[in-house]
Amino acid sequence: MNIEDYGIIGDTQTVALVGRNGSIDWLCLPRFDSGACFAALLGTEEHGFWKIAPVEPIIAIRRRYRKSTLVLETEFETAGGCVRLIDCMPPRNGDADVVRLVQGLRGRVRMKMQLVIRFDYGSIVPWVRRAGERLEVVAGPDALSFWSGVETHGEGLTTVAEFEIAEGQEIPFELLWHPSHEPPERCHDVPRHIAQTEQWWCDWSARSKCEGEWSEAIERSLITLKALTYAPTGGIVAAPTTSLPEHPGGVRNWDYRFCWLRDSAFTLQVLMRHGHTAEACAWRDWLLRAVAGEPAKMQLMYGVQGERRLEEYELPWLPGYEGSKPVRVGNAAFSQFQLDIYGELMDSLHQAREAGIASGTDGWRLQLAVMRFLETAWREPDEGIWEVRGPRRHFTHSKLMAWVAFDRAVKAVEGCGCEGPVERWRTHRDALRQEICERGFSRKKGAFVQVYDGEDLDASLLLVPLVGFLPADDERVRGTVAAIERELLIDGFVLRYRSESYVDGLPPGEGTFLLCTFWLVDNYALAGRGEEARALFERLLAIRNDLGLLAEQYDPRSGRLLGNFPQAFSHIGLANTARYLAGEGRPDGLRPA
């Protein structure tokens, strides 16, 4: 299936991907970054899946989320009738739980359920035994307890149930994860679990400030971002999947099930602007725990509980999505130096402070330590926002975000009553401004460029007016937008950069980057190009799947979503841009310096 053929369900600790065909092909338990027990997404059915679907040919499939929730409904139309499959993961009160309910809507339909469980990304065939009315599946530390409202039997290594459902009937299914050394919970009131899950999401969504023309799109993005939060700690993952390719058949396949400071900071800002201050406080506390220590050793990403070692390795037994190898677990970028994260960190905490969310003594002490480090570190080359695996360079975007860090530190003193060496910070801010304008701007191109003294373009420089470095009507900003339109657009969508330049140390080939395209919309709007902004934004909305979800990238030629899914970055861009086009302030809430 295509990436856009999947929907998600989740419990704010992990996420399952559910296909249009009724198959759960990806699920990591008990956390986002745990080993998958269903890994067919990156392999075949033998690597684990759970499918419930009609036996007879399907005439039509309709999907939707129940309003304001993450409760997924899929309707299958057949010649014999119509059935509905309801999927959700109740917010955790104990064991991790996936519940599924089949409802007969019309006529009579023959159904088949198939369950293949393989722990550790499809590599471990577990022990399976009957325990009363349940099926117990065990391997090492993991156990799954399966219960079905109909009789099941084994077909080789597959658990199967075949049944007929008539109008008005309901047949429930439940899958519980629990530590193998502990007994599972013994409750299988599936309709009640679904009702409670629906109410939980409705209560959460009711706190969202979503109004105006695109309120439904904003709400769906906020729900998706909430699904990517890890409730026990407040950490926020970039995406719930690994190794979905940026180019089918290629090697640009990365594990995104971790908490990038950059992605988390952007997510925090969006949630905070839409009324979700509890998530802001939880993330701030997660941040203080995760980065505790020397700011010089602050990482660009951590595990959901603040883990620092995210060693990258490959899973050779998985053939990859559409043959895209290698399949990777972990992410070697955790050891990179990325200068921009300090700007995103300072900006997020500054915006939280302006919103009335105090960072406290520990929060400001962290920021002071970060600024002491940055006073010397900003002159160093880094791997940049795109985490290049080539040599370190002086990336213009990295210097821009270092400028943001100093600018927000100055604003904290001038406008919020914080104490710090503001004169030194102003000096560094001014030095960065001068250097960026002299070395990060190409007079030949008439545009800001990817690296100092270079000529290649980079869509991250669309942030120049969005972070308040220069106004949108500055000729250097206009020139940058024009150059990006000339060289980085494919059918109106924006590439991050030309991958043929080999700046990232990888073979070329990837889709357009959706967050960068949202940034272009913001630039159009700031420059008074309102009709173009709305037209491009509507095109971005149109490439969402039928459930309102976006991946990281998009291929305009094939019309397919690419990369890990759903992607926080893309939904951040959607919510920010929609709010801005609706007339609710700048796209990122910032004011020019």
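The values are calculated or read from the model by the stated rules, or taken from the named source; none is laboratory data. Predicted model only: the values in this text are computed from it and were never measured. Because the Cβ atoms are built from the backbone with ideal geometry, glycine has one as well, and the counts that use them run over all protein chains shown. Ligands, DNA and RNA are excluded from the accessible area calculation, which covers all protein heavy atoms including side chains. Shrake-Rupley method; radii C 1.70, N 1.55, O 1.52, S 1.80 Å.
What order do 490, 52 take when sorted by accessible area (1.4 Å probe), most exposed first?
490, 52
Relative contact order for the stretch 6-134 using alpha-carbon pairs under 8 Å, separation at least 6, rounded to a whole percent?
Once divided by the residue count of the stretch 6-134, the mean separation gives 25 percent.
Would you list, by chain and number, the aspartates and glutamates whose Cα falls below 19 Å from the Cα of residue 67, excluding same-chain residues fewer than 8 positions away?
11, 75, 87, 198, 203, 211, 213, 216, 219, 546
Heavy atoms only, probe 1.4 angstrom, no DNA, RNA or ligands counted: give me 399, 297 ranked by accessible area, highest first.
Reading off the accessible areas and sorting them downward yields 297, 399.
GluC sites (Glu not before Pro), restricted to the stretch 76-176: which are DSSP loop and have at most 13 other Cβ atoms within 10 Å?
Qualifying residues, ordered by number: 133, 151.
Based on DSSP H assignment, which helices of the chain show an axial Cα extent of at least 15 Å together with a mean Kyte-Doolittle hydropathy greater than or equal to 1.0?
Within the chain the helices that satisfy the rule are 514-526.
Let me check against my output: what whole-number percent is the relative contact order of the chain, with C-alpha pairs under 8 Å and at least 6 apart?
12
Decide, for the stretch 15-131, between rounded, prolate and oblate: order the square roots of the alpha carbon gyration tensor eigenvalues as a ≥ b ≥ c, take rounded if a/c falls under 1.5, and otherwise choose prolate if a/b is larger than b/c, else oblate.
Since a/c reaches 1.5 and a/b is larger than b/c, the shape of the stretch 15-131 is classed as prolate.
Checking the a/c ratio against 1.5 first, then a/b against b/c, what shape does the Cα gyration tensor give for the stretch 201-318?
Taking the square roots of the gyration eigenvalues as a ≥ b ≥ c, the stretch 201-318 is oblate.
For 198, 213, 4, give me the order by solvent-accessible area with a 1.4 Å probe, most accessible first, ignoring ligands, DNA and RNA. Intermediate results must be reported in sequence, preceding the final value.
Working: 198 55, 213 115, 4 35 Å².
Reading off the accessible areas and sorting them downward yields 213, 198, 4.
Please go through the stretch 415-448 and write out the chymotrypsin sites (Phe, Trp or Tyr not before Pro) that DSSP classes as loop and that have at most 14 other C-beta atoms within 10 Å.
Here no loop site has a sparse enough neighbourhood.
Which label marks the calculated value of Cα extents along the principal axes in Å, given the options (i) 88, 82, 70; (ii) 73, 46, 45; (iii) 92, 79, 51?
(ii)
Give me the dipole magnitude in Debye, nearest 20, for the chain about the Cα centre, with unit charges on the beta carbon: positive for Lys and Arg, negative for Asp and Glu.
740
Among rounded, prolate and oblate, which fits the stretch 474-570 when a ≥ b ≥ c are the square roots of the eigenvalues of its C-alpha gyration tensor, a/c under 1.5 means rounded, and a/b larger than b/c means prolate?
Because a/c hits 1.5 or more and a/b fails to exceed b/c, the stretch 474-570 counts as oblate.
Taking a 28 Å limit on the Cα-Cα distance, which of the listed pairs 51/226; 297/399; 112/325; 325/399; 209/399; 399/445 fall beyond it?
Cα-Cα > 28 Å for 112/325; 325/399; 209/399; rest within.
So which GluC sites (Glu not before Pro) in the stretch 376-449 are both in a DSSP loop and have at most 11 other Cβ atoms within 10 Å of their Cβ?
For GluC sites (Glu not before Pro) across the stretch 376-449 that sit outside H, G, I, E and B with at most 11 neighbouring Cβ atoms in 10 Å, the list reads 419.
Give, in nm to one decimal, the length gained when the segment between residue 529 and residue 308 is fully stretched (0.36 nm per residue of separation minus the Cα-Cα distance).
That pair, residue 529 and residue 308, stretches by 75.2 nm at full extension.
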